Amino acid sequence: MTTITNPIISGFNPDPSIIRVGDAYYLATSTFEWFPGVCLYKSYDLKNWRLISYPLNRRSQLDMMGNPDSGGIYAPCLSYDADRFYLIYTDVKNVSGRFWDSNNYIVTTEDIEGEWSEPAYLNSRGIDPSLFHHSDGSKWLVSMEMSYMDGGEAGFPKWNGIIIQQYDEKKNTLVGECRKIYAGTSLGITEGPHLYEYNGWYYLLVAEGGTFYNHSVTVARSKHLFGPYETDPIGQMMTSRFNCRLPLQRVGHADLIENSQGEWFIVHLCGRPLPSRGRSPMGRETAIQQVYWNDEGWLRLANNNVEPDLRVQTSLREFPWPALPEKDDFDTPVLPLHYQSLRIPLSEEMCSLKERKGWLRLRGRESLSSHHYQSLLARRQTDFAFTAQTCVDFHPRSFQQMAGLVCFYDTTNYIYLHISCSEKGERTVNLMINDLNRFSLPTGEGIEITGDGLVYLKVCVKDDAARFYYSLDERTWFPVGDHVEYSKLSDEYFKERGIERFTGAFVGMCCQDFTGDRIYADFDYFLYSAK
């Protein structure tokens, strides 16, 4: 037996959708405003997963210029039928009050690790679309429906139930009547639907309770595609909402898979809050639970409880991937897959591995608060304790030029250790904190740097504390400011203030130039090391 420890994919990786093709398992997760769109992972044992590609890697497929924070790609659905892979996804363009603009698309491919098609628009009725492949050959789009009518949470659309409409593959469009098939339970906020055929029933797997601490998984079933659907008599078949001491919180938004040994599992999102704060800087991650069908034909956790397990087992033989290096030296023609940019791809003019061999060059563009052109590359935080470090060659001529190391949640919430220039023309190291658009500079006008050589920047994070340092020789390190409350880079920090956000913390490199000269910064390496 192979023991799997949750989460199976750490760091910001919500809304998992999973398929099996032969002996391989593929899993897609949401990326929200980060580009390229949709993380695609591969495994042979359900335990060890490797990021293999981003299906939405061209601006013609995904243009999120101007998208809001926590907009962009929601809840991709990955499926496979007749030697073709299908990916359904939402690009959320606006989340203002009762009107959310959520456009749903489909892309396909015959090579899941290759290029995907240009997208075909489907509808904008709601988020979380999924594609159901009926045994009779027909295909159906299932999603939640949004409404601006009264009855929803204050300041939000009303989650109006689950809808279904036929998809015509030849015409690449939806056809026929759109029907509501399930209103959900009294827990409410019914979303994330996936539909399955099993043992003469249609099973509808949905998320409910909202994606914070009431999040849950509910199952309903019907003998007919359009219902009526009967809700599982126990209500929610999985939730953490009754036990705040569980290591996996916020569990919900699940997808069902049978492995090659006949074992059944659900993958689902979860959060791991820091005990001291109840905040989850790594956002919503992906976990897995073993399930079975009981004598009455309902889905149950293998532990015969409704609470998720930290560890589960499978009879699949373990298949680990080679370990990835901690340090990226930028000496390859393309960037490692774990780096992403915000909203749009970085052009060669903004980001280059060619202009200086063995270095990453970023040309300064707009601020870290911009929703348009940012010269930023970052990777997910995947550990409660880590060190991130880089070496920067940067020679600003104005205080309006800066480059460095950033811990980033969104455009309103980040911590930025950077090199800039004083009014006297001296290079400085500065710390900038943006706390929900309340800015502070703990280092004042900055710490002057002697000479014009390389500058090394480092952040050490342990749970809720982040400490920042600089060095001129990579041996002697000097602190920059005091420790910073790191857990503010989390969904929960926003939620405490009545703001809904759904992503997670990243750490990376960036460069800004407000003068318009587009000065560049060269980065020799980037190191991320779990403690």
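The values are calculated or read from the model by the stated rules, or taken from the named source; none is laboratory data. Note that the structure is predicted; figures quoted are calculated from it, not measured. Heads up, the Cβs are rebuilt from the backbone with ideal geometry, glycines too, and the neighbour counts pull from every protein chain shown. Keep in mind that these areas ignore ligands, DNA and RNA; they rest on the heavy atoms of the full protein, side chains included. Shrake-Rupley method; radii C 1.70, N 1.55, O 1.52, S 1.80 Å.
Tabulated results
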| quantity | calculated |
| --- | --- |
| Which of 372, 350, 384, positive extreme of dipole for region 343-388 (C-beta unit charges) | 350 |
| Region 393-463 shape via C-alpha gyration tensor axes, a/c threshold 1.5 | prolate |
| Mean Cβ neighbour count within 10 Å, used as a protection proxy, ranking 450-462, 409-421 highest first | 409-421, 450-462 |
| Of the trypsin sites (Lys or Arg not before Pro) in region 311-357, those whose Cβ has at most 14 other Cβ within 10 Å and which sit in DSSP loop | 317, 354, 357 |
| Environment charge at residue 75 (Cβ cut-off 9 Å; Lys +1, Arg +1, Asp -1, Glu -1) | -3 |
| Computed magnitude of the charge dipole of the chain (debye, nearest 20; Cβ of K, R +1, Cβ of D, E -1) | 500 debye |
| Mean ellipticity per residue at 222 nm, deg cm²/dmol - from DSSP H runs of n ≥ 4 across the chain, formula -39500 (n - 2.57) | 0 deg cm²/dmol |
| Assigned charges on the beta-carbon of Lys, Arg, Asp, Glu; region 398-494 dipole about Cα centre (debye) | 160 debye |
| Carbon and sulfur %, accessible surface of the chain computed with the full protein complex present, 1.4 Å | 48 percent |
| Accessible solvent surface per residue of region 420-531, calculated while the other protein chains remain in place, 1.4 angstrom probe, Å² | 44 Å² |
| Å² of accessible area per residue within region 240-347, as computed with a 1.4 Å probe and no ligands counted | 45 Å² |
| Net dipole in debye of region 4-83 [+1 Lys, Arg Cβ; -1 Asp, Glu Cβ; about Cα centre; nearest 20] | 200 debye |
| Inter-part distance where region 161-208 and region 36-82 are each reduced to a Cα centre, Å | 21 Å |
| Relative contact order (%) - criterion: Cα under 8 Å, at least six apart; region: the chain | 14 percent |
| Sequence of 189, 73, 52 when ordered by accessible area, the most exposed leading, probe 1.4 angstrom | 189, 52, 73 |
| Heavy-atom accessible area per residue - region 11-125, 1.4 Å, Å² | 30 Å² |
| Normalised contact order of region 231-309, rounded percent, pairs of Cα under 8 Å and 6 or more residues apart | 28 percent |
| Value of relative contact order over region 364-475, rounded to a whole percent, pairs C-alpha under 8 Å and six or more apart | 23 percent |
